[in-house]
1. Across the range 318-331, which residue is surrounded by the fewest Cβ atoms within 10 Å (Cβ to Cβ) among those that are at pLDDT 95 or above and out of contact with any helix residue (DSSP H, G or I) (no Cβ under 9 Å at 6 or more places or on another chain)?
2. Would the range 477-487 turn up any residue that is farther than 20 Å from D403 by Cα, at pLDDT 90 or above and surrounded by 16 or more Cβ atoms within 10 Å (Cβ to Cβ)?
3. Could you grab me the full set of residues in the range 332-347 that are over 13 Å from G41 (Cα atoms) and open to solvent by 10 Å² or more (accessible area, probe 1.4 Å)?
4. Here is a check on your reading of the model: is D60 under 15 Å from the mean Cα position of the chain (by Cα) and either acidic (D, E) or surrounded by fewer than 22 Cβ atoms within 10 Å (Cβ to Cβ) (or both)?
5. When you go through D218, D204, D226 one by one, which is the residue that is of a type in the set (D, E, K, R), open to solvent by 20 Å² or more (accessible area, probe 1.4 Å) and touching a strand residue (DSSP E or B) at 6+ places or on another chain (Cβ under 6 Å)?
6. If you take the residues in the range 262-320 that are of a type in the set (D, E) and in contact (Cβ under 8 Å) with a residue 40 or more places away in the chain, which one is nearest to A340 (Cα to Cα)?
7. In the range 466-495, how many residues are closer than 22 Å to R383 by Cα and part of a loop (DSSP other than H, G, I, E, B)?
8. Check whether at least one residue in the range 284-307 is under 20 Å from G11 (Cβ atoms) and outside any strand (DSSP E or B), and report yes or no.
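The values are calculated or read from the model by the stated rules, or taken from the named source; none is laboratory data. Bear in mind that the values here come from a model prediction, so they are computed numbers and not experimental data. Virtual Cβ from ideal backbone geometry, glycine too; neighbours counted across all protein chains shown. The accessibility values were calculated without ligands, DNA or RNA, using every heavy atom of the protein model including side chains. Shrake-Rupley method; radii C 1.70, N 1.55, O 1.52, S 1.80 Å.
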Amino acid sequence: MIPVTIGACRGWFHPPRGTPLDRGVVLCAPFGQEALATHRGWRALAEALAAAGLAALRFDYPGAGDSAGDDGQPCLDAWTDATLAAAAWLQREAGLAQVMLCGLRLGALLAATAAGRQPGLVHGLMLLAPPASGRVHARELAMAAGSAADGAAIGFDGIEVAGFRLHEADCARLATVDLGEAAAAAQAQRLLLATPFRAAGRADQAAARLGARHLEFDHMPFQGCDGFLRPAHESVTPLADFRAMARWAACGAPPCARAVQPAAAARLALPGTGEETALRFGPGGALAGILCEPGWRRPDAPALLILNAGANPHAGNGRFAVRLARHAAALGIASLRMDAHGIGDSDGEDAAAAPLEAALFGDAAIADVAAALDALEARGHARCIAVGICSGAHNAFQAALRDARIAGLALANLPAFDRAAGGAPALDGGPPPGEHPLLRRPRMLLRRLVAEFDRLAADRLGRAGGPDRARSWLRRLQRRGVTLLLAYSRDDRSLRELRAHFGRHGRTLPRAAPMRCVILSGTEHSLTPRAMQDEFIGHLDAQLRQHHGLDAPPRDRAEARRPQPVAREIEDTAA
């Protein structure tokens, strides 16, 4: 796959394999958490289309994913315009005669709406699990926003669902969209509807809308839809469904007389902030990430290394990693947000298909952190602050114990300091898997006694390396001067692990070290609410100011020149 830019949008081009056909497919992603959860599988669909001889293009809407912009303003019309721009780009840059649009959920509505703006432009529409109407989808989003544990978005005119925002003007605009009307206006020669055929009948409402417009369409069972739309660490890529869709898309396509491969465009300008570059790094270039470099740089400031939270791709829950990276760039600080093996755009076995403990907390994930540190160092960033939530916090902490290039840690809801000691909560923040409720308190008491004995032995007798490995590890970081921010959601189960080693709210954390423990105001484990993200970023800012020279006046910006790129950017070859 090849990184491309389409205006202000980040995209990935998947060249056709085998005998190329004179047809391409633009993939229109769903909204918000559904896009995050299906990111890995969406790439698999693009690869299935490429294997069938079709050029495929994935892209992020403006203000979403890795594209420029934010979601503070109405954006639905901009997303529709971007869809048309992506279709025009694919036809022009790949030299194709025919283009199809393929959309999932809200992406299906956007695809149909965009095609309806220029009737006859697209050869076909592929509508995957579409809402019957925009009104239905807007109501679903409003209900999800209303049920959020940490309340609605404050100071925003719209709704927030798992950290993703939709302006009230977009909600009103979405409510006017009818699937059948939009598909009819598109005048596409071919039309595919793929639905899960639930017993309740709601999925068939989409077919009814198309039928009411007397449209001819092929109706395909989307049997793996429900498993596909689960959270990222549980999402199952429906490969059989995708292969069937690829065969349908390729049917009747003429051969391509002269295949054209677009040039790679790894860099994306961020007006007023800097630029971002898509990187491949690690052994064989198997790992993917986005390097965000400011327009000017504080020469002495460490870079940020932002790790995956669970199996979510590098953009992060509620786009947290993107927002943090660009916030840091505005302060003159570079960052790399990365995907570990099997996550997002990196190679390797799908993390959701592998045992979670090994995929998200194993040695391979920590080795990926070392590869990212190598990539940053090659770019002139010898020191960094590793930032992680949940499993990302675990991998950052363990990597810091092994690599002196990590000068600071900012960890949210670290599941356990020492997973071998037991007690680590489940990936979703629930009770530890397999733990019997009746043994919870006795086990906690025993671990507190061991930790207290270790503390007293170290403080009063000068003995180091006691039975509590977590305290020994923090002493090691303390000797190196590593700064540590420990942030926990209110009432999060990971607080039990903090208490097991360092007492309530970390009262026995090493005092001499630059270590700080804070309790966030929200309760969500993954920090999806925007308010919790902003609170965490504020604490990270304080860490940078207090310990990493952020308050020091920057040098003349003309002198703060960016080092020459050394880390390998994504090559313009198919992966």
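1. The qualifying residue surrounded by the fewest Cβ atoms within 10 Å (Cβ to Cβ) is R326.
2. yes
3. A340, H341
4. Working: under 15 Å from the mean Cα position of the chain (by Cα): yes; either acidic (D, E) or surrounded by fewer than 22 Cβ atoms within 10 Å (Cβ to Cβ) (or both): yes.
Spelling it out, D60 is indeed under 15 Å from the mean Cα position of the chain (by Cα) and either acidic (D, E) or surrounded by fewer than 22 Cβ atoms within 10 Å (Cβ to Cβ) (or both).
5. Answer to the check: D218.
6. So the residue we want is E276.
7. Of the residues in that region, 2 qualify.
8. Yes: the range 284-307 contains one or more residues that are under 20 Å from G11 (Cβ atoms) and outside any strand (DSSP E or B).
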